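The values are calculated or read from the model by the stated rules, or taken from the named source; none is laboratory data. For clarity, every value in this text was computed on a predicted model and none was experimentally measured. All Cβ positions, even for glycine, are placed from backbone atoms using ideal geometry, and neighbour counts span all protein chains on display. Ligands, DNA and RNA are excluded from the accessible area calculation, which covers all protein heavy atoms including side chains. Shrake-Rupley method; radii C 1.70, N 1.55, O 1.52, S 1.80 Å.
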Amino acid sequence: MLASVPWLTGLLLKIIENVIILFAVWYIYIAGYTPRKKVKRLYNIVAGIILGCAAIFIMFNAFILDETSKYLFDTRSIVFSTAGLFFSPFSIGIGAVIAILYRIFFMGGAGALPGSIVILTSSILGVVWKYVWKRKNKKRLVEFYVFGVINAAIFLFSSVPFFSIELLQTAWVVIPFVMVLYPFFTVIACFPLTYQKARFENLQKLEQSELMLQASIDVASNINIFSIDTRGRYISFNSTHAQTVKEELGKEIHVNENIEIEAISKILKRDLGAIFQKVFKGETVHFEQEMPENQTFDCKIMPLKSKRQEIIGATVFFQDISEQKQYEKMILEKSYRDGLTGFMNKRFFNEKIAEIDSAAHWPLVVVMADVNDLKLINDGFGHETGDRVIVEVTQKISHIFNNALAFFRTGGDEFLFFIPKSDVESVYQKVGLFNSEIKNAVLGEFAVSVAFGCAVKNGEGSIQEVISEAEKKMYENKFVLLHKRQNDLVLTIEKRFFASHPLEEKRAYRVSELASSFGRYLGLDEFEVQPLKTLARLSEIGKIGMTPFDDSASWVDTTNGREVSMKHVEIGYQILSASGVYSEVALDVLSHHERYDGTGYPCGLAGDRIPFRARVLSVLSFYDKSIHPNNKTKTVDTATAIEQMKKQAGTLLDPNIVTSFIRALNENKLS
């Protein structure tokens, strides 16, 4: 089978033949390569077997220099060294074992052992070179040539231990061709294979990128994403779009199929064909489309460009934003609506006033309503009670004036509404009905009342002028019996306070009687004594909003106790200052816990800057608490109380008033 050929032509032909076999092996390697671990193990075994068979085929087609030579020459060293650069060590090992067994047991001869050594050393060189060479992707021509020279040298030196005269005679022919041609064909083999492997790896990376991109767009379960080319064929799409088309059109879609433009246009009620033509010219189209069943879709269509910035199609993002729109609508409605009453707020009024002031509504009755004494209610009974009043009033307004265009809460206690095609007389009849119903509302121990004002818009003048006229009439009605209403409300607060604080009631009336007799002793007339008595009775009314309240000295000295105690004088001041009759003593209530030395509260007033009645009340209250203590302090006699007052004179109490009070006690002028 081994024919003698002219040494030059034969050598070249056989080497070319060997290299062709080598290429065939490499393309099998490239075509079958897979990164999957389970398949890769099997592939490595098969690749090793193919590599061994290729080596056998190469050795089977080896060449000799002449008929008398015992030495065979082939390119198996190129096969195994180059294989080491690309195949796994496992595949190389299998191929080398097969080749060595064939060379020793089937071919035999004097060259069996050096031939086996060539297979082994070439395999080791390729595997080691792959992991040791550090200049990857840099000067690969130099790398592969050096690699080929070293491999050729190893091939030659493997024969040194088996040196003979015959080998020496042929060395002058073998060495030059091996050292020149083997590196050359190694370079020829490595470069295409490197390119093919890099190309295959890039294709793998591209496939992985496409899979990652597909996975990322599939994650958006509520967004239809697809791309088409300029001919209207699908380039790519996500699973959501595929499912949507299947549900809406009853068909499955595939890449390179034409998009159903007409059918989708009917669903969207948009001419998609015209839109795509705009996009293909470089325009981005963005619109929102309302659909049946309160659905809203956001659609954005953008040009799809190549790396050269040429428009090759369009990308469509189509998202169901129904929940977002409903949420925005809810937020917008909340921004226009008062949270407590459900009435529209001032902001919505400013936007709707032009719509309300329409000739179709004339004559238009403008009604302004105001809850009387809401501040007193809040201060005396708490804001929770005040809110209950507001809710009750607005519910009755919306029920009785059910033909109103809209209701607005324009202030804390003010409301505005408009009644079309009506007159003032009809509206005031309903106001009377409202007043009778609100009196029957059980909201506490106090009566709730609302002041109304009406005006009519017949086409003349501006709507703002009519609103101002209604507001003016509302205030006129509001001030009718204002003082009586407020005084009654203060008395109701006082009654409720004493009902929950019976000891305070007893002390208030004791101090009030003491104030009456001491005021007369000081030479005050009845007009001056009466406010002093009122102050003594109502000084602690602010405690109605500060339950539980402990006025013992030890508790007041605590941080919490001092804050609560300071707060009650402010509440008392707010309640009384809002009332016509009792507003005279409001400042005295605010100041009756000031100290003469300026260390009191809430303002830290000192000396004569403290109102006179407040200084008198401090002395009277100190004396009363001394001889009528609460259950946390001991009762003292009058003499002891006097001594305690003297000690506080100039610090807590006004020394002049203390002196006058002690004198009155000694003269038995106090009842």
Inset, instruction - Quick one: grab the alpha carbon gyration tensor of segment 596-671, order the square roots of its eigenvalues as a ≥ b ≥ c, and give me rounded if a/c is under 1.5, else prolate or oblate depending on whether a/b is larger than b/c. - result: oblate
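How would His254, His501, His241, His286 line up by accessible area, probe 1.4 Å, largest first?
Sorted by accessible area, descending: His286, His254, His501, His241.
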Legend entry - For segment 219-269: span of alpha carbons on each principal axis (Å, largest first): 28, 23, 18
Inset, instruction - For segment 420-482, with all protein chains present and a 1.4 Å probe, just round the carbon and sulfur fraction of the accessible area to a whole percent. - result: 54 percent
Legend entry - Accessible area, probe 1.4 Å, largest first, for residues Leu85, Leu433: Leu433, Leu85
Inset, instruction - For segment 483-549, just the Cα atoms, rotate onto the principal axes and tell me the three extents in Å, largest first. - result: 38, 29, 14
Legend entry - Given charges at Cβ of Lys, Arg, Asp, Glu: segment 364-447 dipole, positive-most of Phe407, Gly386, Ser426: Ser426
Legend entry - Summed residue charge, Cβ within 10 Å of His628's Cβ, Lys/Arg positive, Asp/Glu negative: +3
Legend entry - Cross-link reach list, aspartates and glutamates versus Lys647, counting only Cα pairs under 15 Å and skipping chain neighbours closer than eight places: Asp597
Legend entry - Cα-derived Rg to Rh of segment 252-407, Kirkwood definition: 1.25
Legend entry - Gain in span if fully extended, Lys278 to Glu290, counting 0.36 nm per residue against the direct Cα distance: 2.1 nm
Inset, instruction - Figure the gain on full extension for Arg663 and Lys334 (residue separation times 0.36 nm, minus the Cα-Cα span) and round it to one decimal in nm. - result: 111.7 nm
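With every protein chain kept in the model, how would you rank Asp608, Asp654, Asp357 by accessible area, 1.4 Å probe, largest at the top? Please report the intermediate quantities before stating the final value.
Working: Asp608 120, Asp654 5, Asp357 40 Å².
Output order, biggest surface exposure first: Asp608, Asp357, Asp654.
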Inset, instruction - Would you please give the FRET efficiency between Thr385 and Ser468, computed as 1/(1 + (r/R0)^6) with r the Cβ-Cβ distance and R0 = 30 Å, to the nearest 0.05? - result: 0.40
Legend entry - Cβ-derived FRET efficiency at R0 51 Å, Asn435 paired with Tyr521, nearest 0.05: 0.55
Legend entry - Charge tally in the Cβ shell below 12 Å around Tyr596, where Lys, Arg are +1 and Asp, Glu are -1, Tyr596 excluded: -1
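Work through the residues other than Gln429 whose Cβ is under 14 Å from its Cβ and net out their charges, Lys, Arg +1 and Asp, Glu -1.
-2
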Inset, instruction - Quote to one decimal, in nm, the extra length available between Lys346 and Lys506 on full extension: 0.36 nm per residue of separation minus the C-alpha distance between them. - result: 52.8 nm
Legend entry - Hydrodynamic radius of segment 418-532 per Kirkwood, over alpha carbon pairs, in Å: 18.5 Å
Inset, instruction - Using only the alpha carbons of segment 360-490, determine the length spanned along each of the three principal axes and report them from longest to shortest in whole angstroms. - result: 45, 26, 22
Inset, instruction - Pairs to check: Lys543/Lys646; Lys246/Lys305; Lys300/Lys325; Lys439/Lys484; Lys246/Lys325; Lys430/Lys478. Give those whose C-alpha atoms are more than 19 Å from each other in this structure. - result: Lys543/Lys646; Lys246/Lys305; Lys246/Lys325
